[in-house]
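The values are calculated or read from the model by the stated rules, or taken from the named source; none is laboratory data. A quick note: this is a predicted structure, and the numbers were derived from the prediction, not measured. Quick note on the areas: whole protein, heavy atoms, side chains included, nothing else; ligands and nucleic acids left out. Shrake-Rupley method; radii C 1.70, N 1.55, O 1.52, S 1.80 Å.
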Amino acid sequence: SMYHAHRWLAALYRQELNDPKRAAFHHEQSQRLLAEHQKRQTHKLSRLSETFDLPPIPSADERREMLDRERPPKKQELGEKSGKTFVLVSGLPRSGTSLMMQMLRAGGMPIMTDGRRAADEDHPRGYYEWEALKQIQKEPELLDEDRLEEKAIKAISMLLPKMPKKHDYRVIFMTRPVEEVVASQANMIERLGTEGAQLGAEQLTRGLLAHRNQILAWLAEADHMEVLEVDYPSLVDSPAEFVPKIAQLIGADRVPDAQAMLSVVDPKLHRQRAVAAAGHE
């Protein structure tokens, strides 16, 4: 939609091209469109903004610059360590992160959530999100909360390079064919009854794939992050293969009832395969 186009252009001119005048123009246009749309369907727009919790789609040159800026620190550059190790569940939106959070909870690990985003048709068992975490770069003290190490934390993929480097992390990174992610996104929007909100599927697929590859490349070099990639379709089809790998990554003591993780995997939840992009369920 034009709203999202103006948002991205504002961010591009502000962050990459250092042109505050044009950034302000596109910001004003996005706010004008937002206000107009809110008058027509306030509730649906608020749901739409939740749906489009997607990373921006930078060009190849911009991705290289971002990688340089957020180059993962090596051990000698990490400085004084806190001694704390946190468990993060990450991945692109619609990639099974909520299912993994539920599995960890079933295995006996508490989860960190503010409960703001209630269960709905798209996530019938809840979202398990902690909204404040999006401010982690400005407020690194968020992770100083008591007993937070004992809880699983859901962190959208673009936040991983911003996590305080004095801590260590065990990251369960959910992957899913990007075509399925885009198809699932389209179906979610269709159920909301919104119009004109979908980016071109091909453009979105390219952008999401580039973002995921960039984050995975960064993770592979980040000494303070240990990663397990979990393919969502494979997890749903054969969850027993992943339970021991998860326990090994985060520590068996954190999931004392690991086998109970199997009980929450419902194959019907993985209802949106790539063929849905062509209109088939």
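Summary of computed values
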read-out: Solvent-accessible surface ranking, highest first, for TRP8, TRP130 at 1.4 angstrom; value: TRP8, TRP130
read-out: For the stretch 172-180, Karplus couplings with θ = phi - 60° (6.51, -1.76, 1.60), whole Hz, Gly/Pro x; value: 9, 9, 7, 10, 7, x, 4, 4, 5
read-out: By accessible area with a 1.4 Å probe, ligands and nucleic acids excluded, highest first: order of ILE136, ILE156; value: ILE156, ILE136
read-out: With DNA, RNA and ligands ignored, accessible area of HIS27 (1.4 Å probe; Å², nearest 10); value: 90 Å²
read-out: Surface accessible to a 1.4 Å probe, ARG105 within the full protein complex, Å²; value: 120 Å²
read-out: Phi-based couplings in Hz for the stretch 229-241 (Karplus 6.51, -1.76, 1.60; Gly and Pro marked x); value: 7, 10, 6, 4, x, 5, 4, 5, 6, 9, x, 5, 5
